[in-house]
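Visitor: Input: one structure, supplied below.
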Amino acid sequence: MPAPRQTQSYLRSLFAQRGIAPRHRFGQNFLIDLNIHDLIVKTAQVGPGDVVLEIGPGAGALTSLMASTGATVVAVDIDRSMAELTREATAGLPNVRVLNVDALAGKNRLNPEVLDNVRSGLAVAPDRRLKLVANLPYNVATPIIGNLLVHPELRPERVVATIQLELAQRMMAEPDSDDYGALSVLIRALTDFTLVRTLPPSVFWPRPKVDSAVIALVPNEAKRALIGDLAWFHSVVRRIFLHRRKNLRRVLYSLWRDRWVDKGEVDALLDGLGLTGQVRAEAMNVEEHIALAVALRGRLGPGAEAEEDEAAEEEESAEIPEPD
């Protein structure tokens with residue numbers, strides 16, 4: 001028997017029966033426009049052969065819809081009540097795995113248990129495809145998308161998600177704009193981005209105080225090949241954007257002070273890239289960020305990234321504020 005379509009009235013009644021309520025701390029805003037559910041699944045081209053990672057399934061409406069296409073769905077919810085509702089909504093569907101865990105293990109790593117379940121789904125056949133498809137909780141959207149895109153092994157074929165509109169605007173931002181940052185560079189460097197549709201608060205329950213968007217990201221292997229060491233690129237971009245308004249000469253010398261003889265070496269490296277030492281991270285285009293990361297890797301060598309984790313985590317969490 002198919003799961004009921006989860007309208008606002010249905011969810012209100014269900015939650016009242018269970019004595020539960022949406023929890024702001026987990027970013028729980030349930031998508032109640034059934035047409036948007038269909039749009040997400042259609043945009044993601046979900047079907048047999050897909051292994052779909054869904055973060056924040058809520059009561060399991062989107063989970064059930066995706067599972068009905070024949071895809072394997074790994075649904076992850078930190079809230080025990082929501083995980084139980086998803087299990088009930090998908091009862092009898094062997095192609096759904098529901099995990100009641102935090103999808104993140106720290107701000108810069110995906111939970112190993114989640115990754116192991118994704119690997120198990122992919123191992124069933126060599127032609128299986130990984131996709132991230134979700135109504136993502138606002139407070140984890142940036143680290144979930146970012147960490148999956150740079151994962152060395154599990155490369156998604158497609159990412160389709162509802163996110164805060166402000167975050168989508170940051171993904172699209174141009175250099176020298178207030179929205180341009182490390183996330184903008186990462187998305188542009190690795191994917192082809194589409195803003196599928198903007199969403200008003202009225203399509204969610206409870207209504208958020210901001211607009212949202214459905215976005216689609218298609219990883220681009222040709223772009224990825226230009227970067228080389230992806231983990232290093234990700235690290236460099238995040239670190240220099242911690243000092244986005246300082247001149248690049250000063251930032252590079254300070255970040256890797258023990259690797260330079262003097263600032264003249266920094267000047268020489270930048271001159272070779274056609275960059276002035278006075279340029280700022282926020283003014284550099286994606287191609288310049290890639291060229292800088294590649295040149296730094298060649299000059300600094302292995303081990304230069306060892307001290308970056310704490311600073312990078314601070315930048316990652318500061319990427320966008322959680323709305324009230």
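The values are calculated or read from the model by the stated rules, or taken from the named source; none is laboratory data. Since this is a predicted model, take the numbers as computed values, not measurements. Reconstructed Cβ throughout: ideal geometry from the backbone, glycine too, with neighbour counts over all protein chains shown.
Visitor: All but one of (1) touching a Leu at 6+ places or on another chain (Cβ under 6 Å); (2) over 21 Å from residue 160 (Cβ atoms); (3) among the hydrophobic types (A, V, I, L, M, F, W, C) hold for residue 252; which doesn't?
Guide: (1) is the only condition that residue 252 fails.
Visitor: What single numbered condition from (1) modelled with pLDDT under 95; (2) surrounded by fewer than 17 Cβ atoms within 10 Å (Cβ to Cβ); (3) in a helix (DSSP H, G or I) fails to hold for residue 297?
Guide: (2)
Visitor: Now for a separate question. Name the single residue, out of those in the range 203-242 being part of a helix (DSSP H, G or I) and without any contact (Cβ under 8 Å) to a residue 40 or more places away in the chain, that is nearest to residue 39 (Cα to Cα).
Guide: Ranking the candidates gives 221 first.
Visitor: Please enumerate the residues belonging to the range 181-202 that are over 13 Å from the mean Cα position of the chain (by Cα) and either over 24 Å from residue 280 (Cα atoms) or free of Cβ contacts under 8 Å to residues at least 24 places away in the same chain (or both).
Guide: Within the range 181-202, 192, 194, 195, 196, 197, 198, 199, 200, 201, 202 meet the criteria.
Visitor: For the range 274-294, which residues satisfy the criterion of being in a helix (DSSP H, G or I) and farther than 14 Å from residue 235 by Cβ? Talk me through it step by step, then tell me what you get.
Guide: Start the filter on the range 274-294 by keeping residues that are in a helix (DSSP H, G or I), which leaves 281-283, 286-294.
282, 283, 286, 287, 288, 291, listed by residue number.
Visitor: Sticking with this one: Looking for something in contact with a Ser or Thr (Cβ under 8 Å, 6 or more places away or on another chain), over 26 Å from residue 196 (Cβ atoms) and surrounded by fewer than 24 Cβ atoms within 10 Å (Cβ to Cβ) - is there at least one such residue anywhere in the range 33-44?
Guide: no
Visitor: Given the criterion in contact with a strand residue (DSSP E or B) (Cβ under 7 Å, 6 or more places away or on another chain), surrounded by fewer than 24 Cβ atoms within 10 Å (Cβ to Cβ) and either of a type in the set (Lys, Arg) or assigned by TED's automatic domain parsing to the domain that holds residue 105 (or both), identify the matching residue among 83, 21, 16.
Guide: So the residue among 83, 21, 16 that is in contact with a strand residue (DSSP E or B) (Cβ under 7 Å, 6 or more places away or on another chain), surrounded by fewer than 24 Cβ atoms within 10 Å (Cβ to Cβ) and either of a type in the set (Lys, Arg) or assigned by TED's automatic domain parsing to the domain that holds residue 105 (or both) is 83.
Visitor: Quick check on my filter: what residues within the range 65-105 are β-branched (Val, Ile, Thr) and under 25 Å from residue 45 (Cα atoms)?
Guide: Of everything in the range 65-105, those that are β-branched (Val, Ile, Thr) and under 25 Å from residue 45 (Cα atoms) turn out to be 69, 72, 73, 74, 76, 86, 90, 96, 98.
Visitor: Please state which of the following conditions residue 180 fails to meet, knowing it meets all the rest: (1) modelled with pLDDT under 95; (2) in a loop (DSSP other than H, G, I, E, B); (3) touching a Lys or Arg at 6+ places or on another chain (Cβ under 8 Å).
Guide: Condition (1) is where residue 180 drops out.
Visitor: Tell me, yes or no, whether the range 269-288 has at least one residue that is touching a residue at least 24 places away in the same chain (Cβ under 8 Å), basic (Lys, Arg), out of contact with any Gly (no Cβ under 7 Å at 6 or more places or on another chain) and within 20 Å of residue 146 (Cβ to Cβ).
Guide: The answer is no; no qualifying residue exists.
Visitor: Does the range 84-103 contain any residue that is aliphatic (A, V, I, L, M), in contact (Cβ under 8 Å) with a residue 24 or more places away in the chain and farther than 29 Å from residue 199 by Cα?
Guide: Yes.
Visitor: Follow-up. Kindly provide the set of residues from the range 115-147 that are over 27 Å from residue 209 (Cβ atoms) and of a type in the set (A, V, I, L, M, F, W, C), ordered by number.
Guide: Matches in the range 115-147: 115, 118, 122, 123, 124, 125, 130.
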